[in-house]
Every structure is written in C-alpha cells, then in structure tokens.
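As structure tokens, the structure follows; a few thoughts come after it.
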Amino acid sequence: MKVFLTFLFAVSTASFAQIATQATPADKVKIAKGFQVELLYSVPKEQEGSWVSMTQDDKGRMICSDQYGALYRITPGAKAADTKVEKLSIDFGHCQGLLFHAGALYGVVNDDAYQGRGLYRCKDTNGDDQFDAVELLRAFPGKAGEHGPHGVVASPDGKSLYVMCGNQTPEPSCETSRVPRHWAEDQLFPMLLGRGFMRDVLAPGGWLAKTDLDGKKWELINTGTRNTYDIAINRQGDIFGFDADMEWDTGMPWYRPTRVCFMQSGGEFGWRTCSKKWPARWEDSLPAVVDIGPGSPTGVAFGYGAKFPAKYQDALYICDWSYGKMYAVHLAPNGAGYTGTAEEFMSASPLPLTDIEVSKKDGAMYVSVGGRKVQSGLYRVTYTGSEKSDGSDKSDVSDLAKVRESLEQPGVSVEAAWPHLSSTDRHLRFAARIALEHQPVASWKDKALSEANPRAALTALMALARSSGGDKTLLKPILDALGKIDFKSLKGLDRVTLIRDYMLAFTRLGEPDAATKAELIAKLNPLFPTNDTGLNRDLAEVLVFLGDAGIVAKAAPLVNDSPTQEEQIDYARILRFAKTGWTKELRADYFRWFLRAANYKGGASFDLFIGEIKKDALGTMSEEEKLAIKDVLDAKPEAKAPAFTSKLMNFVKAWTVTDLEKSLGVGLEGNRNFQNGRNMFGAATCFACHRFQNEGGAIGPDLTSVAGKYSPRDLLEHIIEPSKEISDQYGSTVFTKKDGSMVVGRIANMKENIMMVCTNMMDPNNFTNVDARDVVKTEESKVSMMPPGLLYMLKEDDILDLMAYLLSKGNPDDPMFVK
C-alpha cells in the first residue's frame, strides 16, 4: 500500500475520536444510487487485529485474516447485532490472499510467519467444522514486504488456482511459462535511481502464476506488473487485475497511475524499477484497460451472483485503500481485448478497503476494511432501488478473442501465428508475437527478415530482436530489414513500433559500427519532430544514443518550451548524455531550466531524479565548457510558484463565462490551433494537476474524457468557476481540532490514528499529520482546491484553442483544427 492523496467524504460533525476506535458508521459512507450500506461488525483491533483478506466458505460464512495475526469466521446476521464472529482455532493467518475451495482453505502468507511466504492449504480432517491441518504447498523466495505474494483465486473449471505476486517476490522457478523467458530491462540509457526503492529488482517484476490444487506444478502466466494485490475472472475466462502506481514517481514522465489491466496470457505489462518503466505506447508491453489515478489497489471482484441490477452484476469492483474508494468498472469487449469506464461506487474516509465477496447465500456484497493496524470492519451492501435485479449471463466471446485464445495455447506453430502479426488489433498482434517467440528462432528468422507487409515486419522483427539470445550477427540484418520500412507510409502506433524496434535491436544486440550509425542518423534525424509527443521522445533518445550532433539543436529548446513538466524532464533526461552538437547558448539554456525545475513538484524522489539528470549532464562537459557558462551553473534557484512555460505571461483579463460563451460555437469550428491549445494547457498549469492523454499530473481528475461528459459551456464554467460545483471525488475537508485550529485538505494516508493530510494540490508530497483523536469536527470545504483565475493570463484565442484541445480528446486531426 502506498502514500498519496485521498478524497475525504464529509463526516459531518461526528467525532473522529469516536471513529478512531470503530469502523466508519454506515451513514457516513457514500454509495451509488439505489444501494444501501450496513456496518455489520467493527473489529476490536487490540483483540482481533486489522483484516486484509476475505473469502466465503460453503455455508455462506465469511473468513477474514488479520494482516499480522489469526483467522476469523463471520456468520452474517439479519442485522449487526445478529452477526457472529469467532476466532478459528488453527494456528494460521497473516494472509493477504484467502480462498475457500474444494473443501479446503487456501491462504497466501506475505511475511515470515509459520514457514514463511508462500501458498498454504488448511483442511478440516475430522469433520468438526474447524481447520486442524495446515501444509505449505509452495514457498516463495524473497523477503517480507507489502509487494509480496497476494491474491489467490480458483480457475473457472475449479481444477486450478491462480496466485498473484508483487514485484518484491522473485518468480519461483515455475515448471512451465506462457511468457518467453528472455525478459530484459530494454532501456537505452542507465536508470535514474531517485530514492532507489527496489533498485536491484529487475525484470520480470510482479507476476501471475497458475497451479494445480495441490500446488505441485506451476505455470507462469504473465509478468511486468508492479504490485497487483488481487485478481478476478470474468465469465469469458479472462483475468483482470488492479495494479499499483509508484507514488515517488509522481510528476516524472515515467509515472504510471493505478490501472485496471486485462491480464492476458503471456502478457508483459512494462514495470521496471526506478526510471526504467515502459510507456504504454511500446508494443512489447500491454496497455491498461482503464487508468484510475493515484491510489493503493487492494481487493477486486466481479459482481456475479449479486442481487444487483444487471449493469452492476457485470461490473468489476476494485478497492482503493488510500482513497477510501470502491469503483465499479464497466468493461466492454474491444476486439481481442477490453475497454472500460470507472464509476465511483462506494466511498468514505476513513474507509481503508481491503477485500470484496459476493455472497452465494444471500446475494449481498460483503466488504472488509483494515490493514496497517488501522481500524477494521465488515460492511454489507445490498440493492434497495426500483430497478430490476434479474440475473445476468453475458458470456459471449468475440471472434477476435477466440483467435487470441487459440494463439495463447502452448505449441502454436509459426504458420498459425504468422497471419496475425499484421492484425490491426494490438492484443492479437501481441499474442501472435508471443506464440512466435516460443518457437525456435531458426524456424522463422529468415521469414521475419524478408517479410514485406510493414506491420507484420515490425511485429516479427520485434520478436526476433527479443528472441536473439544476444547473437550479434543478427544486428545488421535486423537494421537492414527495418531500414526497408517506409516511415512516412506508417501511421500512429506503427511509427512508434518502428523506433521501438531500433531500441530493442540496440539493447539486445549492442551498438552498431560508426558507418551504420551515420546511415541511421541520416535516415532518422529528418523525421524529428512529428506531431506525436511520445514518438518524438523515442526518436530523440535513439538519435542521442547514436551520437547524432544534429538532434541537440532540435530537441534542446523543447526542454524549456514543452508544455508539461513531464515532457520537459524527459528531454532533459534524454539529452543528458548528448556529447556533441551543443553551442554555448544551448548549454546555458539547458542548465537554466534546472533553475525553473527546482520549483516543480512531484513525489518523494522528484528532487533526487532532477539532481541526477543534472549530474549526468555535467559529466559530459569539459572544464572549459563548464567555465563558459559558469554564471548559469553557479546561479541559485529562486523559490516561487512553478512556471511551466519559459515565456512571460501577463494578466489579460478576469474572464467570465459571459465573456467567452458567445465564441464557443463558430469560434471552435475549423480555425483552432492544436499545438497552441496543448501549450496553453501547460501555461495555465492544467498539466500540473490533471492527466490528459497519458500526460500530466494525477491529483485532479483525468480530463481525457471531458468531451463526452460536458458541453463546451459547461466545461468552460468548470474551469472559470471551480468552486461553483465541487466533485465529491476531489473535494477537500476542514478538520477542526480541539485547540480550535483548522487543517484544510484531503487525507493522503493513515496508520493507526494518524491521518496524513495534503493541503496543497500543487505540492502532493507535502503532508500535515493530524491525530484523529484531536479532531472534534469535520465539514466539507466550500472552496475548490482548484484555484480560480487560471485563464486570466490567456488571450481569447488561447482559451478557445485550449477548449478545442480538450474537446478533441487531444486529436490533432479533429475538424476543429486548421489543417
């Protein structure tokens, strides 16, 4: 679990001193319309601990595990007073994953208790309704920690188990693997360490494995997650997980929000340590189904069997421990994969959600809270609305999904996989490539090198570079084959994949000779820049790696001129190893940027990452070069508000909705400037808090989908008058303490009675500790944490370009923009 911002649902005038000793009352929990919450049991934490996992047995009773202690069995009653709780007599617990299946209780231990980390099985051998025998089925390597072994679920046919482990658990030498065992870091430049958390943990990162009910034979299913706590399987047999972010990376270009992933067989999800995480655009990994934002993922479950309306039966429910939120994720098939939208279903603060079970006995949803020794409890959610709660059984599988499933089976031939390397569906291409990588390279190498279809060639050459085993004789043939692909004939992700294939050729097979470097520079340099910001950064990185002097003059200005701090940082990171092509002016401007960046905000590693970039850049300079810009290098940053543009911004007007609404019709039709709109999103500091098309901050709502939620006028009103309507999800709270002082902000994390409150959206790593026992009153703040006046420095055309940028979902080909 991690530290970051959380929404606080108002607790009215309730005493936090009271709440600190019992679970949050049900009437303080916000729930979706038509649903009801009951608090069935408030756990006496001194006696029964803090519950982190839950399962149900064959009699409809819940079994919960204390994070650091025993197991408890709960028989839900008609009301809280009728609910019975008993401590199980078996000496076992400490489980972050529990599953009652086939008459046994499976538990995943995540610390050094008993025989250490691993998958265990408990049995009742004498029929007295108490487990009396426990055995370790498989020990997991590694040390105790919150990124260890977690969830366990049964396969749809009941004959197997799936076990989910975080990136602190080395893969336990599975007997077979759906993932080709040639994973690597695959980054051109050395990593930046920051605070160095898990600096020595290399690929494959977190992993999912399958085993038989006796835990004898294990098969690795996918890799590359960070810390997925739990998984759930839909009716089609597809697995989904809720993966964690790394909050210390906040504000950096490699930050990845918590996200729901379709855990595809053979999948790779791109987690790498420190600064080496892969962006979603790289096709050697799989993208998220839906990004959620900062948080601490815990339990997940589908609503199957619940007495809920069909929409909610089919939803995937995901728990966020730190935000105190449960989301209902509504999934939809999308080719061979899925898309999804997240709806806030249940929330409160504190509400440290840990697990979910839909009862097979009464059709209610049971929800546990706890962890890290905070107050624990058990809730029941039922539907009381008027909508019918008829059964739902959407189990159809799309044709593309059927093809993907066929490609995921062991032993797929080269001939069967090859036609799908050129598929327009990313998940299908991925499955075909993985099938290919399982086959002997000699059986398909020549076919890959001679493939004429551009997309098939890109996929096959990616497979060849990854499967090469370091055979350096393949470098020239791969580069020659890539050189035959016409960049200008490619579109979208195919262009990114071409450049990624060059990266993989270099990371797997080494640097080319000087003559080849010169040829590649002559070919690739004219392509920069494109209208794709991610592609531009990949191109720049490849060209710097090749020693291109010409890329410096093109890319160095973007360190100062890019509209987001993440993009600026990425260019600074890439150019830190450029040794040639610098002028005195370019060097001076590059290092002046560090004076601005000193005021940027981010996670706990932010300042260290920036310092490392500067140190590496200085390491490429001679003493004479340093002396030439000594005044810049010796300058000290001035403490002030972050400025994401190097251009001077002056006050224009205190804009109102009335001033601008007359221009929202004709003014948005075909004459807007896409790049200026993106630049204004940065200049108005929107990128500091909001994510848009996988760029920007994550402490405010993701704005990628605003075009489908708001009319142009409504969107404008939200920007100009942020306090007129404050979203529950992003509101702040006023905490009044016993001494009369007040703290205004949002809870970031908890441990026992201490709440960490963020009071400044622009500084998400700065917290104020508040003891819940000292709080006498809480109330919703009437003032948005989003400051007003963000548009006052923009001209009318700038505002209209910004509006068009948002309403286009970041698509430069939208009809609103000048071609």
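The values are calculated or read from the model by the stated rules, or taken from the named source; none is laboratory data. This structure is a prediction, so every number in the text was calculated from the model and none was measured. Here the Cβ positions follow ideal geometry from the backbone for every residue, glycine too, while neighbour counts run over all protein chains shown. Ligands, DNA and RNA are stripped out before the accessible areas are found, and what is left, the full protein with its side chains, is counted by its heavy atoms. Shrake-Rupley method; radii C 1.70, N 1.55, O 1.52, S 1.80 Å.
Numbers for the structure displayed
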| item | result |
| --- | --- |
| For the chain: relative contact order, % (alpha-carbon pairs under 8 angstrom, 6 or more apart) | 13 percent |
| Note, ³J(HN,Hα) from phi for segment 103-110, Karplus 6.51, -1.76, 1.60, rounded to Hz, x at Gly and Pro | x, 10, 10, 9, x, 10, 8, 10 |
| Sparse-neighbour loop sites [GluC sites (Glu not before Pro); segment 32-92; at most 12 other C-beta within 10 Å; DSSP] | none |
| Accessible-area value, Ile434, 1.4 Å probe, nucleic acids and ligands omitted, Å² | 10 Å² |
| Gap separating the Cα centres of segment 573-621 and segment 234-252, nearest whole Å | 31 Å |
| Charge dipole magnitude, Cβ of K and R +1, D and E -1 - segment 93-186, Cα centre, debye nearest 20 | 240 debye |
| Exposure of Glu415 as accessible area (Å², to 10), given a probe of 1.4 Å and all protein chains | 140 Å² |
| Selection from Phe687, Ser392, Ala514, by position along the positive dipole direction of the chain (Cβ) | Ala514 |
| Label-point separation in nm, Asp532 to Leu608, each point 7 Å along Cα→Cβ | 3.4 nm |
| Rounded to the nearest 20 debye, dipole of the chain from Cβ charges on Lys, Arg, Asp, Glu | 660 debye |
| Gain in span if fully extended, Leu490 to Glu796, counting 0.36 nm per residue against the direct Cα distance | 106.5 nm |
| Heavy-atom SASA rank of His150, His94, His718 (probe 1.4 Å, accessible area, largest first) | His718, His94, His150 |
| Calculated over the chain: convex hull of Cα atoms, volume per residue (Å³) | 168 Å³ |
| Accessible surface ranking that places the most exposed of Thr580, Thr685, Thr273 first, with a 1.4 angstrom probe | Thr580, Thr685, Thr273 |
| Accessible area of the chain divided out per residue, in Å², using a probe of 1.4 angstrom | 38 Å² |
| Whole-angstrom gap from segment 166-190 to segment 667-726, using each part's C-alpha centre | 39 Å |
| With every protein chain in place, the chain: carbon and sulfur % of accessible area (1.4 Å) | 50 percent |
| Local net charge near Met462, Cβ-Cβ under 10 Å (Lys/Arg +1, Asp/Glu -1) | 0 |
| Modelled FRET efficiency - R0 41 Å, Ala144 with Glu780, Cβ distances, 0.05 increments | 0.55 |
| Accessible area, probe 1.4 Å, largest first, for residues Lys819, Lys394, Lys33, Lys630 | Lys33, Lys819, Lys394, Lys630 |
| Segment 579-679: GluC sites (Glu not before Pro) in DSSP loop, at most 14 other beta carbons within 10 Å | Glu638, Glu669 |
| Met649-Leu627 FRET efficiency (beta carbon distance; Förster radius 41 Å; 0.05 resolution) | 0.75 |
| Label point at Arg181 placed 7 Å out along Cα→Cβ; residues across segment 123-159 whose backbone nitrogen lies under 17 Å | 141 |
| Charge dipole magnitude, Cβ of K and R +1, D and E -1 - segment 45-116, Cα centre, debye nearest 20 | 320 debye |
| The chain - share of DSSP beta bridges that are antiparallel (%, nearest 5) | 95 percent |
| Set Lys123/Lys217; Lys277/Lys601; Lys30/Lys738; Lys445/Lys476 screened for pairs whose C-alpha atoms are more than 24 Å apart | Lys30/Lys738 |
| Bins of 10 Å, starting at 0 and running to the largest distance - Cα pair percent for segment 389-479 | 16, 45, 23, 8, 5, 2, 0 |
| Pair Thr580, Thr620: separation of 7 Å Cα→Cβ label points (nm) | 1.3 nm |
| Surrounding net charge for Ile434, when Lys and Arg each add one and Asp and Glu each subtract one, Cβ distance under 13 Å | +1 |
| Set of lysines near Lys819 by C-alpha distance (under 29 Å), chain-local residues within fewer than 8 positions excluded | Lys488, Lys491, Lys523, Lys554, Lys647, Lys662, Lys709, Lys795, Lys809 |
| At most 13 other Cβ within 10 Å, DSSP loop - trypsin sites (Lys or Arg not before Pro), segment 216-289 | Lys216, Lys217 |
| Potential extension, Arg713-Glu661 segment - 0.36 nm per residue separation minus Cα distance | 18.1 nm |
| Listed residue (Leu535, Ala144, Gln675) projecting farthest to the positive dipole end of the chain, Cβ model | Gln675 |
| Nearest-10 value in Å² for the accessible area of Asp91, using the 1.4 Å probe | 120 Å² |
